[in-house]
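See below for the structure under consideration.
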């Protein structure tokens, strides 16, 4: 007995839908929210004082982006597991045009590494947690 193509396509569509919904529910369960954040949230008014004279990492993000939340989650976990003397900052650029202009932010999420108040590395977009850890080990430590 042969399976009709319509049943095969229907079964495949149901399988894909189930995988999609299970995957999305697991992402939500993985706590992509950062309740216990190790990131210090800044405003454009206090960012200059916070980054001057030290090595630090600053995440520029927007609040309603899943991609930015993903990067914030990864950076928070890196901050949680690393040296407490190096601060990890985050700045929401939703309504902060000054910060976007001052630091030349052309897309979010963007991570900017500062040394002595000057930018020395920029990472744009989402990168795997392992690569983020490698960059930290190579460029910060």
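The values are calculated or read from the model by the stated rules, or taken from the named source; none is laboratory data. Just so you know, these numbers come straight off a predicted model, no measurement behind them. As a convention, Cβ positions derive from the backbone with ideal geometry for all residues, glycine included, and neighbour counts pool all protein chains shown.
So here's what we get for this one:
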quantity: Criterion violated by residue 104 - all others in (1) part of a loop (DSSP other than H, G, I, E, B); (2) closer than 18 Å to residue 65 by Cβ satisfied; calculated: (2)
quantity: Unique match (being outside any loop (DSSP other than H, G, I, E, B) and modelled with pLDDT under 90) among 121, 98; calculated: 98
quantity: Residue in segment 21-44 that is farthest from residue 78 (Cα to Cα), counting only those that are at pLDDT 60 or above and more than 17 Å from the chain's Cα centre (by Cα); calculated: 21
quantity: Residue in segment 45-64 that is modelled with the lowest pLDDT, counting only those that are surrounded by fewer than 17 Cβ atoms within 10 Å (Cβ to Cβ) and part of a helix (DSSP H, G or I); calculated: 45
quantity: Selection count where residues are modelled with pLDDT of 90 or more, exposed (fewer than 12 other Cβ atoms within 10 Å of the Cβ) and outside any helix (DSSP H, G or I), scope segment 126-141; calculated: 1
